[in-house]
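The values are calculated or read from the model by the stated rules, or taken from the named source; none is laboratory data. These numbers come from a predicted model, not from an experiment. Quick reminder, even Gly has a Cβ in these numbers, built from the backbone with ideal geometry, and neighbours come from all protein chains shown. When the accessible area is computed, the model is the full protein with side chains, heavy atoms only, and any ligands, DNA or RNA have been set aside. Shrake-Rupley method; radii C 1.70, N 1.55, O 1.52, S 1.80 Å.
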Amino acid sequence: MESLRELFKIGHGPSSSHTMGPRRAALSFLDICNADKPARFEVTLYGSLAATGRGHMTDKAILDVLMPVAVTDIVWKPDIFLPFHPNGMTFKAFGADNALLQERTWFSVGGGNIVLAGETRTASESVYSMHTISEILEWCSKTGKSYWEYVGECEGNGIWDYLHQVWQVMKDAVERGIEAEGVLPGGLGVRRKAVSYYVHAAGYNQSLKSRGLVYAYALAVSEENASGGLIVTAPTCGSCGVLPAVLYHLHTSKGFSEQRILRALATAGLFGNVVKTNASVSGAEVGCQGEVGVACAMAAAAASQLFGGTPAQIEYSAEMGLEHHLGLTCDPVCGLVQIPCIERNAYAAARALDSNLYAAFSDGQHSVKFDRIVEVMKQTGHDLPSIYKETAQGGLAAIQ
């Protein structure tokens, strides 16, 4: 498995697959053909990228990189799905005589990652020897150590500095988001709600106040993402509000130290990494179960870690977080990461805390293990019709 640095990516929203990935591809292509001094670029977007790219600012992400160098045309082909992955994009560079200088096709495979056509997706650096939670759980049982300690042993001490940076960006996104007001960009007229939830939470008793604050924090980060703000993929942009909401709430309300928060982040990242390795975190590939569902599992594992859960209880928490999102479709209205995405982040954050509580009452023993749920999620995602996988053609997206 890759480093958690490849899972927790810091960048601007609104979509890791539709904004961060295409921007990364554009930068790579520019590096390839800069010596050719191109006069014109042509970028063709296929499948999901073309279907919902305008709403996700895909064209802006690409043009911001290429337009300063040469005129760039964007071609949209939502009905054509290239082999390998729904998020395909072909870049072409032409000379002054209109001769083709360079051509490359990339796929944006989720989490801001890209794969060049014809190449097998390989880890930038394999730092983990075990690739399933079952293996890691057995290691925990034999050594008496926990998930975050396994992360530390595999990644080295440098990972803690990176997770500190991740945590800071997450906190900043929450705090910006609960102060911001107004309408989100994109044309749907969706008003920011985080500040309202944050203010209203103060008027309730402690239990309801706690839940209201979790909602507010998740909304805050998701709204920052929708407006193009700086966030962390956890595991994607579209699901970036779940984990920060849970961690920020427990940090501020329960007084958990930053060191313990970073350990919880490491635990969450490990579970997300296993899903990314063995299935997918791309909504275009497996639906929203791979985004918000995985985010819920990660947040549940983090909460269980913070509250002193055993490795078995942590695994159980994560399993429930993902299991009860199985089959969740990716159906953004008008292709924007707003409806129902923002609301789902808030709801999933609350479910993550419930998953932790449920597991805490148990001894951690249960029938369906996390790794099995990952397999089921992958198969379910592949069985979903394409209209329910980020194309904005089915489900809620069809109700306009």
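Of all residues in the range 78-136, those that are over 28 Å from GLU153 (Cα atoms) and of a type in the set (Lys, Arg) total 2.
Please state which one of LEU45, LEU66, LEU116 is in contact with a Phe, Trp or Tyr (Cβ under 7 Å, 6 or more places away or on another chain), surrounded by fewer than 19 Cβ atoms within 10 Å (Cβ to Cβ) and among the hydrophobic types (A, V, I, L, M, F, W, C). Explain how you work it out, then say what you get.
Details: LEU45 fails: surrounded by fewer than 19 Cβ atoms within 10 Å (Cβ to Cβ); LEU66 fails: surrounded by fewer than 19 Cβ atoms within 10 Å (Cβ to Cβ).
So the residue among LEU45, LEU66, LEU116 that is in contact with a Phe, Trp or Tyr (Cβ under 7 Å, 6 or more places away or on another chain), surrounded by fewer than 19 Cβ atoms within 10 Å (Cβ to Cβ) and among the hydrophobic types (A, V, I, L, M, F, W, C) is LEU116.
Residues in the range 225-240 that are out of contact with any Cys (no Cβ under 7 Å at 6 or more places or on another chain) and either in a loop (DSSP other than H, G, I, E, B) or over 14 Å from VAL174 (Cβ atoms) (or both): ALA226, SER227, GLY228, GLY229, PRO235, THR236, CYS237, SER239, CYS240.
Against the conditions (1) within 20 Å of LEU4 (Cβ to Cβ); (2) of a type in the set (D, E, K, R); (3) in contact with a Lys or Arg (Cβ under 8 Å, 6 or more places away or on another chain), LYS276 satisfies every one except (3).
Going by what's in this entry, would SER222 be described as crowded, with 24+ Cβ neighbours inside 10 Å, part of a helix (DSSP H, G or I) and in contact with a Cys (Cβ under 8 Å, 6 or more places away or on another chain)? Here the answer is yes, as SER222 does meet what is asked. Across the range 251-264, a minimum of one residue is classified as surrounded by 24 or more Cβ atoms within 10 Å (Cβ to Cβ) and at pLDDT 95 or above. When the range 321-342 is filtered for residues that are assigned to a helix (DSSP H, G or I), open to solvent by 20 Å² or more (accessible area, probe 1.4 Å) and without any contact (Cβ under 8 Å) to a residue 40 or more places away in the chain, nothing remains.
Number of residues in the range 155-188 that are free of Cβ contacts under 8 Å to residues at least 60 places away in the same chain and over 18 Å from TYR248 (Cα atoms) equals 8.
Scan the range 349-379 for residues that are outside any helix (DSSP H, G or I) and among the charged types (D, E, K, R) and jot them down. Spell out the reasoning first.
Of all residues in the range 349-379, those outside any helix (DSSP H, G or I) come to 361-369.
Of everything in the range 349-379, those that are outside any helix (DSSP H, G or I) and among the charged types (D, E, K, R) turn out to be ASP363, LYS369.
Selection over the range 1-32 of residues that are part of a helix (DSSP H, G or I), of a type in the set (Gly, Ala, Ser) and open to solvent by 10 Å² or more (accessible area, probe 1.4 Å) gives a count of 1. Of the candidates TYR217, TYR198, the single residue that is at pLDDT 95 or above and open to solvent by 40 Å² or more (accessible area, probe 1.4 Å) is TYR198.
Out of curiosity, is GLY152 small (Gly, Ala, Ser) and touching a residue at least 24 places away in the same chain (Cβ under 8 Å)? Please lay out each step first, then the result.
Numbers: small (Gly, Ala, Ser): yes; touching a residue at least 24 places away in the same chain (Cβ under 8 Å): yes.
So GLY152 fits the description; yes.
Hey, could you check the range 237-249 for residues that are at pLDDT 95 or above and farther than 14 Å from MET298 by Cβ and say which is farthest from the chain's Cα centre (by Cα)? Taking the candidates together, the pick is HIS249. Just one of (1) under 17 Å from GLU149 (Cβ atoms); (2) hydrophobic (A, V, I, L, M, F, W, C); (3) out of contact with any Asp or Glu (no Cβ under 8 Å at 6 or more places or on another chain) fails for CYS237. It is (1).
What about GLY308, is it assigned to a loop (DSSP other than H, G, I, E, B), at pLDDT 95 or above and of a type in the set (Gly, Ala, Ser)? So GLY308 passes the test. No other residue among VAL281, VAL214 is at negative phi and in a helix (DSSP H, G or I) apart from VAL214.
Please determine, by comparing only the residues of the range 282-320 that are under 21 Å from GLN338 (Cα atoms) and among the polar types (S, T, N, Q), which one is surrounded by the fewest Cβ atoms within 10 Å (Cβ to Cβ). The selected residue is GLN289. Checked against (1) among the hydrophobic types (A, V, I, L, M, F, W, C); (2) open to solvent by less than 40 Å² (accessible area, probe 1.4 Å); (3) in contact with a helix residue (DSSP H, G or I) (Cβ under 8 Å, 6 or more places away or on another chain); (4) modelled with pLDDT of 95 or more, TRP148 passes all but condition (2).
When TYR204 is tested against (1) within 22 Å of SER253 (Cα to Cα); (2) in a helix (DSSP H, G or I), just one condition goes unmet, and that condition is (2).
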